[in-house]
Amino acid sequence: MITMADYADILLAEYDQLKREQHNRIRTRDTLFVSMLAVIAALAGATTQTGHYELLLLLPPAAAIIGWTYLANDQKITALGDYIRNHLAKQLSAEVDGNPVFGWEICRHDPRRATRKRFQLAADLLAFCGAPFLALAIYSQLGAFSFRTISALAVELFLCGVMG
């Protein structure tokens, strides 16, 4: 039979595990953003040095793969926080006579949060959509065209739109 204290310990162990996962996902998400910037710099540098503008066609698929992984991690980070705030905190609070728990998790008062979120959205759109669109625009002005490159441009343009 599980006692109230054991149940509280189980909830705290779940909290610890969820926070560990959330922390790892945040680290992964941030690494993915920096990786995207590195891919942009590497492809821009390689294109500039070699004059092979077809290298620019690698940016949209790379942005789609990295961006999709970034978004998936970001969604899981949010879901973990929501679960902790709306489910786990309430369960544990009930175990400690209704006293509030996880105050830091629940405290959402930040007058600049909306502004920070808008700046983050702008940075994400620039990295994962703006740079690939720019690469396609540059290629369409300077690159050689064939049926395959036009097909690739069309598919990649669609991919950029989906990511946006």
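Per-structure values
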read-out	value
Hits in the range 129-143 - residues which are farther than 15 Å from A62 by Cβ and either in a helix (DSSP H, G or I) or without any contact (Cβ under 8 Å) to a residue 24 or more places away in the chain (or both)	A137, I138, S140, Q141, L142
Pairs, first closer than 11 Å to A8 by Cα in the range 89-116, second among the hydroxyl-bearing types (S, T, Y) and in a helix (DSSP H, G or I), C-beta under 7 Å, six or more apart	E95/Y7
Scope the range 36-53; condition outside any helix (DSSP H, G or I) and either within 15 Å of A127 (Cα to Cα) or open to solvent by 50 Å² or more (accessible area, probe 1.4 Å) (or both); matching residues	H52
Selection from the range 131-160 of residues that are within 20 Å of L37 (Cβ to Cβ) and open to solvent by 30 Å² or more (accessible area, probe 1.4 Å)	F133, L134, A137, I138, L159
Which numbered condition E21 fails, given (1) over 16 Å from A123 (Cα atoms); (2) loosely packed, with under 12 Cβ neighbours inside 10 Å; (3) modelled with pLDDT of 95 or more	(2)
Single match in L71, L80 (criterion: under 30 Å from A154 (Cα atoms) and either free of Cβ contacts under 8 Å to residues at least 60 places away in the same chain or in contact with a helix residue (DSSP H, G or I) (Cβ under 8 Å, 6 or more places away or on another chain) (or both))	L71
Every pair of residues 6+ apart whose Cβ atoms lie under 9 Å, when the first sits in the range 48-59 and is free of Cβ contacts under 8 Å to residues at least 40 places away in the same chain while the second is polar (S, T, N, Q) and part of a helix (DSSP H, G or I)	L55/T47
Residue check, L56 aliphatic (A, V, I, L, M), in contact with a Gly (Cβ under 8 Å, 6 or more places away or on another chain), part of a helix (DSSP H, G or I) and open to solvent by less than 70 Å² (accessible area, probe 1.4 Å)	yes
Selection count where residues are part of a helix (DSSP H, G or I), farther than 15 Å from L55 by Cα and either in contact (Cβ under 8 Å) with a residue 12 or more places away in the chain or of a type in the set (A, V, I, L, M, F, W, C) (or both), scope the range 144-164	9
Test: residue in the range 112-121 that is open to solvent by less than 50 Å² (accessible area, probe 1.4 Å) and closer than 25 Å to I26 by Cβ	no
Qualifying positions in the range 59-103 - of a type in the set (S, T, Y), open to solvent by 50 Å² or more (accessible area, probe 1.4 Å) and in contact with a Leu (Cβ under 8 Å, 6 or more places away or on another chain)	T69, Y83
Residues of the range 84-126 satisfying the condition of being within 30 Å of A63 (Cα to Cα), of a type in the set (D, E, K, R) and in a helix (DSSP H, G or I)	R113, R116, K117, R118, D124
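The values are calculated or read from the model by the stated rules, or taken from the named source; none is laboratory data. Keep in mind that this is a model prediction, so the values were computed, not measured. For neighbour counting, all protein chains shown are included, and Cβ atoms are generated from backbone atoms with ideal geometry for every residue, glycine included. Protein only, heavy atoms only, side chains kept; ligands, DNA and RNA dropped before computing areas. Shrake-Rupley method; radii C 1.70, N 1.55, O 1.52, S 1.80 Å.
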